[in-house]
Amino acid sequence: MIGGFMTSNEKIRNIAIIAHVDHGKTTLVDCLLKQAGAFRNNQHVEERVLDSNDLERERGITILSKNISIDYNGTKINVVDTPGHADFGGEVERVLGMVDGALLIVDAAEGPMPQTRFVLSKALELGLKIIVVINKIDKPAAEPLTALDKVFDLFTELTDREDLIDFPFIFSSSLNGFAINDLDDERKDMVPLLDSIIKNIQPPTGDETKPFQFRATTLDYNEYVGRIVIGRIVNGTIKSQEQVCVIHADGSQERGKIVKLFGFKDLGRVEIESASAGDIVGIAGFSDIQIGETICDPNNPEALPLIKVDEPTLQMNFSVNDSPFAGTEGKFVTSRQIRKRLYDELEKNVSLRVEDTDSTDRFKVSGRGELHLSILIETMRREGFEFAVSKPEVIYKTINDELCEPYENLIIDVPEEYAGSAIERLSGRKAEMKDMQTAKGRTTLTFHIPARGLIGFRSEFIRMTRGEGIMYHTFLHYRPFAGDIPRQRSGSIIAHELGEAIPYALAQYEDRGVFFITPKTKVYRGMIIGECNRPQDIVVNICKTKRLTNMRSSTADVMVTLQAPKILSLEEALEYIGDEELVEITPENIRLRKAELNKKIY
Ligand SMILES: Nc1nc2c(ncn2[C@@H]2O[C@H](COP(=O)(O)OP(=O)(O)OP(=O)(O)O)[C@@H](O)[C@H]2O)c(=O)[nH]1
Ligand SMILES: [Mg+2]
């Protein structure tokens with residue numbers, strides 16, 4: 001049977017799950033689904049079942065927020081799992097607009113972290129009721145009560161509203177599937193959390209008898225019906241196939257029919273016949289509707305306040321691969337294919353922007369941060385695309401006739417002995433220190449820094465702290481341009497000709513720097529194959545075979561032992577390249593190269 005769960009508001013709860021990255025949101029959703037019997041008894045369930053796309057599973061992070069719904073004793077609890085990484089903060093903020101409450105998950109060992117503060121501040125601004133979940137209490141280093149105290153401090157810092165500060169809390173281990181009200185309680189299941197949601201989160205407000213109003217909050221896509229907008233029915237009731245009206249951001253109205261109406265049930269989206277105020281649904285039928293716009297009753301068209309979508313702060317060019325290896329590794333390589341793929345991405349990637357440029361082979365792609373853009377690159381590469389990307393650059397804006405640039409709030413946590421050098425390096429990148437605290441041998445520092453100053457910093461930071469430093473940054477605001485930041489990068493080692501790198505030649509240049517390639521890697525003229533230990537680029541002939549003057553030298557080639565190369569990940573490659581350099585992306589390889597391959601000096 002299609003449809004069915006017409007519910008009155010009383011029987012609905014809408015919540016979002018919010019937290020700093022990795023504090024256990026998705027694992028907690030697993031537990032809730034299991035507890036509510038969403039899986040058959042004998043069904044094999046993967047961990048973090050909601051992190052369903054390949055990249056999410058591989059990296060262990062949530063990239064897209066997802067809706068599920070559970071039935072608990074006759075109440076429908078709509079749950080939105082949100083991503084924890086700062087690049088997706090805008091998405092979390094929007095999602096919070098369609099719920100009535102949130103579970104704020106906090107790692108019992110780590111306590112509140114930068115993104116905890118960000119998501120909490122957004123939830124409090126909206127006046128949402130929050131249940132604090134101190135998670136991972138099974139960890140040996142867990143200090144649940146200390147973490148709870150710190151969360152309390154954070155609340156008092158962020159709001160004056162007593163009713164919100166007086167928050168309900170619960171302890172849990174989503175890995176072990178239990179939640180408890182008191183640390184001495186028996187640890188058996190998630191029932192205490194479900195009960196707490198029913199008790200503490202209000203049923204949605206909204207009037208079923210008023211004209212229909214729905215606000216598009218997130219995007220989804222399905223190849224049969226196209227764009228699906230997900231959001232909350234603010235007022236009224238709606239049926240599938242009904243005539244409605246979209247009010248666009250510019251005020252224009254578009255009439256049309258609801259082609260499909262979706263509700264959420266357990267893990268999936270199901271087609272339904274009707275739904276009413278307070279419920280979260282998906283609507284298909286409008287290909288031009290944008291995030292934040294309203295769908296409403298055509299006889300009483302009234303727009304809901306628009307919600308803003310965060311503007312991109314970082315941009316880069318995607319271009320057709322024109323290296324000598326072009327077309328040999330990818331399935332989709334033409335300008336037309338790349339263009340279509342990029343524009344298709346806009347169907348579901350809310351804060352991404354794509355623009356044509358003066359060259360038909362190049363597109364400007366803008367996003368919310370390095371992770372946002374690198375995930376798109378990685379996804380396309382896995383689909384078989386081949387292309388080249390340029391160095392990510394911040395997006396400047398003119399505000400009140402003044403050139404402004406994006407600033408980030410940067411928090412680093414380092415062993416005490418590295419604090420001095422961290423401060424020094426960051427001030428060279430125009431960072432201003434805002435706070436510094438030392439406890440238990442570690443120092444936590446807060447800076448405001450131009451986003452520009454962070455490009456390339458991560459790898460330097462990891463090296464400087466010998467891998468023991470932790471860093472987080474989130475977008476802060478636009479501020480007047482801070483002036484030049486000289487980039488300190490060593491020169492590159494550049495290949496001189498097309499061929500295959502041979503061990504003997506690599507060994508010869510080993511004292512000049514570190515290589516990014518292994519022997520037998522195919523290289524071409526102008527390809528960047530290593531980092532020099534001097535500021536200048538050097539060009540090397542890495543394919544030359546030694547003139548064989550006697551028999552011994554042919555075996556000598558086999559005998560050389562080389563230092564391990566430094567194989568750059570996609571993110572590292574993007575951080576490494578400078579102006580006039582590109583990263584070549586194919587399903588099989590990530591190569592660095594000079595944009596101009598045939599310059600005299602190579
Ligand atoms: N020890 C312990 N580990 C946990 C618990 N809950 C989650 N984890 C682990 O913490 C890691 C992160 O869990 P996720 O559920 O992916 O965290 P998340 O908050 O959804 O992460 P993002 O979506 O990337 O922000 C995983 O390795 C989990 O297995 C817990 O209660 N105890
Ligand atoms: Mg997650």
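The values are calculated or read from the model by the stated rules, or taken from the named source; none is laboratory data. Here the structure is a predicted model, which means the values were calculated and not measured. For neighbour counting, all protein chains shown are included, and Cβ atoms are generated from backbone atoms with ideal geometry for every residue, glycine included.
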If you go through segment 218-242, how many residues are more than 25 Å from Thr205 (Cβ to Cβ), touching a Leu at 6+ places or on another chain (Cβ under 9 Å) and surrounded by fewer than 17 Cβ atoms within 10 Å (Cβ to Cβ)?
1
Candidate set: segment 487-510, residues that are outside any loop (DSSP other than H, G, I, E, B) and modelled with pLDDT under 90; chosen: the one nearest to Tyr407 (Cα to Cα)
Glu510
How many residues of segment 163-197 are part of a loop (DSSP other than H, G, I, E, B), under 31 Å from the mean Cα position of the chain (by Cα) and hydrophobic (A, V, I, L, M, F, W, C)? The answer is 3
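Only one of Gly530, Gly526 is in contact with a helix residue (DSSP H, G or I) (Cβ under 9 Å, 6 or more places away or on another chain), modelled with pLDDT of 90 or more, surrounded by 13 or more Cβ atoms within 10 Å (Cβ to Cβ) and not aliphatic (A, V, I, L, M); which?
Gly530
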Look at Pro168 and say whether it is surrounded by 17 or more Cβ atoms within 10 Å (Cβ to Cβ), of a type outside the set (A, V, I, L, M, F, W, C), touching a helix residue (DSSP H, G or I) at 6+ places or on another chain (Cβ under 8 Å) and closer than 27 Å to Arg94 by Cα.
no
Asp484, sole failed condition from (1) part of a loop (DSSP other than H, G, I, E, B); (2) farther than 27 Å from Ile590 by Cβ; (3) in contact (Cβ under 8 Å) with a residue 24 or more places away in the chain:
(3)
If His85 passes every condition in (1) over 20 Å from Pro203 (Cα atoms); (2) more than 10 Å from ligand 1 (Cβ to nearest atom) but one, which one does it miss?
(2)
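Among the residues of segment 81-107, how many are assigned to a helix (DSSP H, G or I) and either within 15 Å of ligand 2 (Cβ to nearest atom) or under 18 Å from Ser172 (Cβ atoms) (or both)?
7
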Is it the case, given these coordinates, that Thr474 is assigned to a strand (DSSP E or B), among the β-branched types (Val, Ile, Thr) and modelled with pLDDT under 90?
yes
Unmet requirement for Glu110, which otherwise passes all of (1) away from ligand 2 (no atom under 16 Å from the Cβ); (2) modelled with pLDDT of 90 or more; (3) surrounded by fewer than 23 Cβ atoms within 10 Å (Cβ to Cβ); (4) part of a loop (DSSP other than H, G, I, E, B)
(1)
Quick check on my filter: what residues within segment 91-128 are more than 15 Å from ligand 1 (Cβ to nearest atom), out of contact with any helix residue (DSSP H, G or I) (no Cβ under 6 Å at 6 or more places or on another chain) and on the phi < 0 side of the Ramachandran plot?
Arg94, Gly97, Met98, Val99, Asp100, Gly101, Glu125, Leu128
Six or more apart or on different chains, Cβ under 7 Å: which pairs go from a residue in segment 213-232 that's outside any strand (DSSP E or B) to one that's among the hydrophobic types (A, V, I, L, M, F, W, C)? Could you list them?
Val225/Val259; Val225/Ala284
Can you run down the residue pairs with Cβ atoms below 7 Å, 6 or more apart or on separate chains, where the first is in segment 382-397 and under 19 Å from Phe457 (Cβ atoms) and the partner is surrounded by 15 or more Cβ atoms within 10 Å (Cβ to Cβ) and among the β-branched types (Val, Ile, Thr)?
Lys391/Ile577; Pro392/Ile455; Val394/Thr313; Ile395/Thr313
If I ask for residues that are over 30 Å from Thr474 (Cβ atoms) and among the acidic types (Asp, Glu), which ones from segment 66-87 would you list?
Asp71
